[in-house]
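Notes follow once the structure below has been shown.
Just so it is clear, none of the values below were taken in a lab; they were calculated from the coordinates. Note that the structure is predicted; figures quoted are calculated from it, not measured. Cβ placement follows ideal geometry from the backbone for every residue including glycine, while neighbour counts extend to all protein chains displayed.
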């Protein structure tokens, strides 16, 4: 079965934003065994939208349209849909109700202006929007189902997953299935992984291996298609195991797991409590760790010691370290990790100090010089890194290495709940 | 003048990679005053490529095609181009020479396999590729010029900038220019802005207003086209001023400015020093502030007091506040802001405490309840919010409101460098 994606928005045709929606939808359709015959992007222009909708070949079963469903003047998709599919716009009571309920839930009264969004092409079925005012809708014409969704990515994604994908999967006449497994890698390059897996990729002819760099991580996606669910899952599991064995501990997670989830689970299993002292990362590591629900189980506190005064007052940083080695040094990082662990009575202290740039670099310590220290029991390990990139990239890669060093310490298995 | 972009590749239609090429090209065309009528993405399939090429309207002056020019079997664009544009493939001596020179420069001899890439549609002009083997080429048919470029982004970008854009700019009959201005909004909805600007949008017929929600912010992009640079810039400036006047202080920035840059500049101008005590945001506010180069000028420290013990030990949180009002309360937030300001001798103390979820909510204080406090001089102001969404969304919107409250305090102008 074939699908087409139509993306609407001047922000796309003027190159102001990347079309992440189309990629998201294409990826889900592909994984469901649906071929994406084409992706068409047009601006907020009625004639272009009508032309794109009318241009869809009758061999296409599903058309997913995003964008232009908002309440403002440049949101014209619903009108264009009515015109292209030859339906009248009528007040859809289901859409009206959904919108009124949404406003009620947010504790606001609905602006009459918003009612415009409840006028849908005749015969349209509503696709609920749990987190916004713009309802989606679907219209069947001939043997094609047209789905219309808002362009706001977080709304579109939730509506596509809950209101579109299940319908598409049900409509599929055959039993072709696609199964995918995702492995997440950090610490080596794509070509390293490619070489390490070369023989396996040649052997496993039924499985396609795709390398997707998501800086600073690499995602390896294993895909298998067929009709025998048990066979597919067995083959996939085996290939996943072989891949992990060949790559070793640079595989940090699977599927939707993030580095901070993996580290969080390891901390919880060890019964360990973590505290942090961040300088150049400015809170990013703690922010990432606290994105994981339940992180208060293992995260005690963090000190963002951005100034030297804060380093002295909060972490009793000796003046001698600052004068002899500087705030960006192995010695400073080690002291910070030990001291934050001691003060907070935690199992592990993690500290980071470095030069995120663009200023502050020297010949000996250029921009991107970072020290990461881990204190546990009576030991401190420190790592010196030289990173490249702009300020945000250096913060990001530093946070990733800090979490990865912590992960490796935890999988070495020498951590226990005592401090 | 109009252009169309055709992107070719299974990696695009399967949603494995984002179509960054199309966004890059669209952005350059738009800035050169060329309207992008559509972007079409198809897979590595000859019939689809031919159909996309033949479907281009004769009103389109330029077609930029990327992908499928490599040496492997799935690189079929050149054949499809010859078929669609009704030309024969012939050995192009210019292309052959360019390829031989490339291999020589790389110190390698050319694989006969590669010669395939020198067969181009009759009448094609070569677009040199300084960093790869696949030449690009252009073909004129009717009043349309078709440009074919490889899909590898760094090759495509260099070839587009050096070999395509100058040609397109020369072909433009007039000197049409585009000027844009971007205003960034926070704190009201898109439909509020649309209503507030309704009359202005109707009056300013030469200017197009586009609303782009970038949760939790809204971006309003004003665009004007014409030939008289001075006139365009004057008109745009005036429309920008009127827009800002109508929307008031919910306009927080312009163009590339982020909320944290705006707040940083205001802190620096006031000679103020900021310290933070974050609980539910887990370091996100400090992370955002420290993304701005030079933030150490005004950011002293931050305490991520995730546990109650940390609140007591680091911020002398009275047990009575915790027992009577709880860690998530107006009283706790106010105490945190005052105490972090006092301890760090800063001008302003900013504190946040709340329930990011998914657990921890109660009837009185459901998930999403957040208190934000600002301490300056002898005053403390607190704000209670009720947010919705998942954990990361609640953290994100909380950080945004915290920075916005700080911004409003700073633009009120009562802050001076003393504490």
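For the reader, a short list of remarks on this structure follows.
- Size of the protein assembly as shown: Rg and Dmax of its alpha carbons, in Å, are 28.8, 87.
- Note on chain B: Kirkwood radius taken over Cα pairs, Stokes-Einstein applied at 4 °C and 1.567 mPa s, translational D equal to 51 µm² s⁻¹.
- Under the Debye formula (equal points on every Cα, no solvent term), log10 I(q)/I(0) of segment B:229-287 at q = 0.29, 0.31 Å⁻¹: -1.15, -1.17
- Inter-copy label distances at residue B:105 (7 Å, Cα→Cβ; nm, one decimal): 5.8
- Computed Kirkwood radius, in angstrom, where 1/r is averaged over Cα pairs of segment A:1-78: 12.9 Å
- Seen against the Cα atoms of chain B and their longest principal axis, helix B:259-270 is set at about 50 degrees.
- Counted over all Cα-Cα pairs of segment A:102-219, pairs farther apart than 20 Å make up 64 percent.
- Size of segment B:2-171 from its Cα atoms: along the principal axes, largest to smallest, the extents are 43, 33, 32 Å.
- Inter-site label distance for residue A:47 and residue B:143 at 7 Å from Cα along Cβ, in nm: 1.4 nm
- Cα-only Debye scattering, segment B:259-411: base-10 log of I(q)/I(0) at q = 0.10, 0.11, 0.12, 0.17 Å⁻¹: -0.30, -0.37, -0.44, -0.89
- The convex hull around the C-alpha trace of segment B:82-137, projected and averaged over every direction, spans 3.7 square nanometres.
- Tilt relative to chain A, helix A:330-344 - C-alpha long axis, 0 to 90 degrees, to 10: 80 degrees
- Globularity ratio of segment A:177-254, using Cα Rg and 2.2 N^0.38 Å: 1.05
- If you plug the beta carbon distance of residue A:169 and residue A:103 into 1/(1 + (r/R0)^6) with R0 = 56 Å, you get a FRET efficiency near 0.95.
- Calculated FRET efficiency for the pair residue A:364/residue B:111, C-beta based, R₀ 41 Å, to 0.05: 0.35
- For segment A:177-254, relative contact order (Cα pairs under 8 Å, six or more residues apart, normalised by length) works out to 47 percent.
- Fully extending the segment from residue A:255 to residue A:196 would add 19.2 nm, taking 0.36 nm per residue of separation and subtracting the current Cα-Cα distance.
- Label-to-label distances for residue B:412 across copies, nearest first, come out at 5.2 nm, using points 7 Å from Cα in the beta-carbon direction.
- Relative contact order, whole percent, for chain A stands at 10, derived from Cα pairs under 8 Å and 6 or more residues apart.
- Annotation: extensible slack from residue B:229 through residue B:377 equals 48.4 nm (criterion: 0.36 nm per residue apart, minus Cα-Cα distance).
- Copy-to-copy label separations for residue A:158, where each label sits 7 Å from Cα toward Cβ, in nm and ascending: 4.5
- Calculated P(r) tail over 14 Å for segment A:333-419, as whole % of Cα pairs: 63 percent
- For segment B:265-353, Kirkwood radius (reciprocal of mean inverse C-alpha pair distance, Å): 13.2 Å
- Spatial separation of Cα centroids for segment A:27-95 and segment A:379-397, in angstrom: 46 Å
- Crossing angle, helix B:391-411 versus chain B [Cα axis fit, 0-90 degrees, rounded to tens]: 70 degrees
- For segment A:213-329, alpha-carbon Rg over 2.2 N^0.38 Å: 1.54
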